[in-house]
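Reviewing the structure listed below.
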Amino acid sequence: MRMRPTAQPSGQQPEGEQQAAELRAELDELLRASRYASQRERRLDEAIRATPGRQRPDGDLLRQLAQARTLREGLGARCLQLSDQLEALESAIRNGQQPPPLPRQEAPPQQRQAPPQPRQARQQHTPPPPVRPDIGALTERITALHRAGALAEATGMIDTAAARLAPADAALLVGMLARYGPAGASLHLARRVARSVPDHSVVVLAELRELGLVEEAAEVFHAFWGYPASAVPGLLSALERAGLTADSATLLWEWGSAPMPELTSLAACLQQHGRAEDVRTLLRQAAGRSTDDIAALAAGLPPALATLLLGELAVLRPPVEVVRLATALDGAGSTELYGRLLAAMLADEARHRTTLATLRTAGLPTRPPAAPRSRWGRR
């Protein structure tokens, strides 16, 4: 509860209450400025999003947005600092203690991080977050290094930014580099961002699209194709959380034509993570590959997934191609796989009547082999 300033006999407020009144006035002023900065940031963001998809947003708007975000973060950090100081001061007044000295502010809030308060009562609290970097200054630094021939240092600065910047800031830096930076710098940053954890890179992808940076967004998305199989389930989950389900479907479509060992590994990883529908989508795409590829894929998959693949093939491929695969499996001695393909056809015998008749003509089995009888079956 805040204490109202009370007058001393001399008509003057005690020192502590005077300090509290000054802090409240400053805090109110900063809160108003923070609200204005937030409104300006929102208007600039809306203006950038209104840019037609195939055009780069205006560079001045990108710069203003970066500055507005930096200012809003700085004001927010200063408000937290003043709030902590005011709370400590009012606590001291209530308890009749000497008011703690107020730390001096050495720089504007948008240019520094608010220092932690030297008070025991608030040590367990998380300190204010650091202010956002000056994206414009970072762009100029990268560009200056490149012009000076310090290419390795410029590239290192881009790589560091990709690893440390928040998604919104990374997208802004991509936009600034695309507008003002060295040729190819924005694409390099996009590729580096794609190597970060899936949740981070997916949010950057969405931000780039919102900013109308089509080429750079495509660079991030294409880099997803190079993810190892073990990282794909997490990437697909991140895309779904971001509402980018169409991108998930596109990636699965592309991975359906991956080299056979990678495809087998990916199907197994998706199955292990409980993404059964993704496994079906992947194998449905793979079912359109050549007979030799399908035979090799079926042989490398776990039994349940091999059954699923052969079932998709029986449904999707014309009879002549199903017969070709059955002949290849039989000729290779893959009795078990042949039986799984045959079982998929017999599950809908009316639909596969022509295929089964062709198999009979070729002298291939059209009925599963009878189970061996146990000598203990009769007494």
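All of the numbers you see were taken from the coordinates with simple rules; none came from a lab. Small disclaimer: the values here were computed from a predicted structure and weren't measured. Ideal geometry is used to build each Cβ from the backbone, glycine not excepted, and the neighbour counts take in all protein chains shown.
Results, tabulated for the structure shown:
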| item | result |
| --- | --- |
| Proximal charge balance of Ala171 [Cβ under 10 Å; K/R count +1, D/E count -1] | -3 |
| Gyration tensor (alpha-carbon) shape descriptor, segment 133-226, a/c threshold 1.5 | prolate |
| For Thr155, Thr245, Thr250, order by how many other beta-carbon atoms lie within 10 Å, fewest first | Thr245, Thr250, Thr155 |
| Under 5 Å, built H, 5+ apart or other chain: amide partners of His273 | none |
| Potential extension, Val315-Arg94 segment - 0.36 nm per residue separation minus Cα distance | 71.6 nm |
| For peptides 204-216, 320-332, sequence by mean Cβ density within 10 Å, most packed first | 204-216, 320-332 |
| Charge context of Thr281, other residues only, Cβ under 15 angstrom, K/R +1, D/E -1 | -2 |
| Global geometry of segment 220-379, whether rounded, prolate or oblate, following the gyration tensor of its Cα atoms and the 1.5 cut on a/c | prolate |
| Ranked list, fewest to most other Cβ atoms within 10 Å of each Cβ, for Leu89, Leu235 | Leu235, Leu89 |
| Euclidean distance between Cα centres, segment 243-306 to segment 325-341, Å | 20 Å |
| Rounded if a/c under 1.5, otherwise prolate or oblate - segment 207-269, Cα gyration tensor axes | prolate |
